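The values are calculated or read from the model by the stated rules, or taken from the named source; none is laboratory data. The structure displayed is predicted, hence computed values, not measured ones. FYI the Cβ positions are ideal-geometry reconstructions off the backbone, even for glycines, and counts take in every protein chain you see. For the accessible areas, the whole protein counts, side chains as well, though only heavy atoms, and no ligand, DNA or RNA atoms are used. Shrake-Rupley method; radii C 1.70, N 1.55, O 1.52, S 1.80 Å.
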Amino acid sequence: MIDTNEFRQYGHRFVEWIAEYYENIEKFPVKSQVKPREIYEQLPASPPDKRESIDTIFEDFVNIVLPGMTHWQSPDFFAYFPANTSFPSILAEMLTAALGAQCMKWETSPAAAELEEVVMKWLIRLTGLPESFSGVIQDSASTSTLCALLSARERASNYQVNNKGFYHEKFRIYCSTEAHSSVEKAVKIAGIGKENLVKIGVDENFSILPDQLERSISEDKKNGFQPLCVVAAIGTTSSTAVDPLLPVGLICKKHKLWLHVDAAFAGSALILPEYRKMIEGIENVDSFVFNPHKWLFTNFDCSAYFVKDKDALVRTFHIMPEYLITTTQGEKNDYCDWGIPLGRRFRALKLWFVLRNFGRSGLQEILARHISLTKKLKRIIEGNKNYEILAPVFFNLICFRYLPENEDNEKNINAFNEQLLEEINASGKLYLSHTRLRDKFTLRVMIAQTYVKETHVMKAWEVINNIAVALDAKRKDFVSEH
Ligand code: PLP
């Protein structure tokens, strides 16, 4: 085992390495270029019998592991939604790892529980969510949405599914066709059944159609189902569409349904006052999730889950074997009763560091910069007749495709854009991901990296356009030769 002196030496070296990594991050291919099994085959099948030095392990990290990593913190990363971080968050994670505390209950680390309560309140104040909400940090939006469905299920069954298991309820859950797959996953895990997830159509902006929702709920009731919960989205994964909370909330109120809001990515935008109109109707929302680990510069994992009725949440998850009873039982926040796992990392610390080190104005500045860079790129794409924008741009995501010259066959246009995406990512110069909107293969540019600047966005555009034009020229040559 290494002692504190060696730890100190390696610690300094690792911090040096991390700083250099960030200084040189743009030199790595953004998307790892390794082939399947390339890493696996370089690793021994069994663990070592004798101890190995940190030097040896670190050398393998650099030579074997690093080439197989995609550089999510690169300012040339424009794929998916980000899992962004920042230096204050990394520093706090070092302290969390050093403390190695298991923060399941107030007593097992009072500061962790109380800091969590404070930072959740701070997030409420930053985002304009209702002061009456209670917040807890979960590992992911998927878990938060599962917690919402389980709480809704328990409240509606008077906590009898927890007691007796499923017996006669025929629950129904509603979301739009654009909702994230984590809703379907949660419906499966919660025992409600995938067939009881009703997907409601969307309008031209990819937002849920409240009239269709109302009709579906009424029909289901007539047919003996028990409508349970609506999951509305603020910022869908494909195109960051926003569901209208006000009419959806009124429908939920009328039919006594739980309303959960999945704002996993775009919830952070509420820190900008001009986005607050998205939560008009929040008074009818029962639970709300957004991920500081997506667009709030806080290391994965950190998902902020808020509920209106804390007791429904705690009643759903509370369990008390003798070995977990403490003298402060019921008086303090024992967060193991606010979600699925018993054991909990000290996640509030990194969020506390981030919120303090950036401050409200610092957070607003970066989010606004991302949005303004996006608007700038959107104008460039719009101004080029070879491209088509495929969804409204609400935040910092542009959904678009290239239109090959003299080509109107949708299948061929899709195939072209698929090939374009592959070539862009194989260049290693930037990383984009895709979706499908109204059956159109869609490229997504997401501008949300902590340290992204205008130069990165302009370089990305140049690379995209150069590859697209070259690919189209090749295609035209091929067509004319055949
Ligand atoms: N909801 C939305 C809208 C998402 O885009 C995502 C992931 O990108 C999720 C939920 C799932 O997030 P997590 O990875 O935190 O479970």
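Below, the figures for the structure above:
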quantity: Any hit, the range 356-370, residues being under 21 Å from Gly100 (Cβ atoms) and either at pLDDT below 95 or touching an Asp or Glu at 6+ places or on another chain (Cβ under 9 Å) (or both); calculated: no
quantity: Hey, Gln102 surrounded by 22 or more Cβ atoms within 10 Å (Cβ to Cβ), of a type in the set (S, T, N, Q) and more than 30 Å from Ser427 (Cα to Cα) or not; calculated: no
quantity: Qualifying residues in the range 173-182 (those that are open to solvent by 30 Å² or more (accessible area, probe 1.4 Å) and hydroxyl-bearing (Ser, Thr, Tyr)) - the one farthest from the ligand (Cβ to nearest atom); calculated: Thr177
quantity: Residue satisfying all of: in the range 53-62; open to solvent by less than 90 Å² (accessible area, probe 1.4 Å) and either part of a loop (DSSP other than H, G, I, E, B) or not β-branched (Val, Ile, Thr) (or both); farthest from Ala426 (Cα to Cα) among these; calculated: Ser53
quantity: Test: residue in the range 226-234 that is away from the ligand (no atom under 16 Å from the Cβ), surrounded by fewer than 24 Cβ atoms within 10 Å (Cβ to Cβ) and not in a loop (DSSP other than H, G, I, E, B); calculated: yes
quantity: Unmet criterion (only one of (1) under 22 Å from Met120 (Cβ atoms); (2) within 12 Å of the ligand (Cβ to nearest atom); (3) among the hydroxyl-bearing types (Ser, Thr, Tyr)) for Ser238; calculated: (1)
quantity: Residue check for Phe358: part of a helix (DSSP H, G or I) and under 20 Å from Lys453 (Cα atoms); calculated: yes
quantity: From Lys332, Lys308, Lys254, residue being modelled with pLDDT under 95 and on the phi < 0 side of the Ramachandran plot; calculated: Lys332
quantity: Filtered residues of the range 160-169 (kept if surrounded by 15 or more Cβ atoms within 10 Å (Cβ to Cβ) and assigned to a loop (DSSP other than H, G, I, E, B)); calculated: Phe166, Glu169
quantity: Residues that are within 28 Å of the chain's Cα centre (by Cα) and outside any helix (DSSP H, G or I), drawn from the range 1-38; calculated: Phe28, Pro29, Val30, Lys31, Ser32, Gln33, Val34, Lys35, Pro36, Arg37
quantity: Residue tally, condition loosely packed, with under 13 Cβ neighbours inside 10 Å and within 21 Å of Ser238 (Cα to Cα), over the range 204-225; calculated: 1
quantity: Test: Ala113 is within 16 Å of the ligand (Cβ to nearest atom), surrounded by 15 or more Cβ atoms within 10 Å (Cβ to Cβ) and among the hydrophobic types (A, V, I, L, M, F, W, C); calculated: no
quantity: Residue match in the range 185-203 (condition: open to solvent by 20 Å² or more (accessible area, probe 1.4 Å), assigned to a helix (DSSP H, G or I), closer than 17 Å to Leu149 by Cβ and of a type in the set (A, V, I, L, M, F, W, C)); calculated: yes
quantity: Among the residues listed as Ser142, Ser151, the single one being within 16 Å of the ligand (Cβ to nearest atom) and either in a strand (DSSP E or B) or buried (at least 17 other Cβ atoms within 10 Å of the Cβ) (or both); calculated: Ser142
quantity: Selection count where residues are within 16 Å of the ligand (Cβ to nearest atom) and not β-branched (Val, Ile, Thr), scope the range 53-81; calculated: 6
quantity: Some residue of the range 405-421 being under 19 Å from Trp72 (Cα atoms) and not assigned by TED's automatic domain parsing to the domain that holds Trp295; calculated: yes
quantity: Failed item, numbered, when Glu283 is tested on (1) buried (at least 23 other Cβ atoms within 10 Å of the Cβ); (2) not in a loop (DSSP other than H, G, I, E, B); calculated: (1)
quantity: When residues of the range 258-280 are limited to those that are part of a loop (DSSP other than H, G, I, E, B) and touching a residue at least 40 places away in the same chain (Cβ under 8 Å), the one nearest to the ligand (Cβ to nearest atom); calculated: Ala264
quantity: Of residues in the range 117-139 being over 20 Å from Phe346 (Cα atoms) and not in a helix (DSSP H, G or I), the one nearest to the ligand (Cβ to nearest atom); calculated: Leu129
quantity: The listed residue being within 15 Å of the ligand (Cβ to nearest atom) and out of contact with any His (no Cβ under 9 Å at 6 or more places or on another chain), out of Lys164, Lys170, Lys185; calculated: Lys185
quantity: Sole exception among (1) within 21 Å of Ser142 (Cα to Cα); (2) open to solvent by less than 10 Å² (accessible area, probe 1.4 Å); (3) modelled with pLDDT of 95 or more for Arg345, by number; calculated: (2)
quantity: Any hit, the range 98-116, residues being free of Cβ contacts under 8 Å to residues at least 60 places away in the same chain, within 22 Å of Pro273 (Cα to Cα) and not in a loop (DSSP other than H, G, I, E, B); calculated: no
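Table: residues versus (1) crowded, with 19+ Cβ neighbours inside 10 Å; (2) within 19 Å of Gly128 (Cα to Cα); (3) not assigned by TED's automatic domain parsing to the domain that holds Pro247.
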{"site": "Ala263", "(1), (2), (3)": "yes, yes, no"}
{"site": "Ala266", "(1), (2), (3)": "yes, yes, no"}
{"site": "Arg276", "(1), (2), (3)": "no, yes, no"}
{"site": "Pro292", "(1), (2), (3)": "yes, yes, no"}
{"site": "Asp311", "(1), (2), (3)": "no, no, no"}
{"site": "Gln329", "(1), (2), (3)": "no, no, no"}
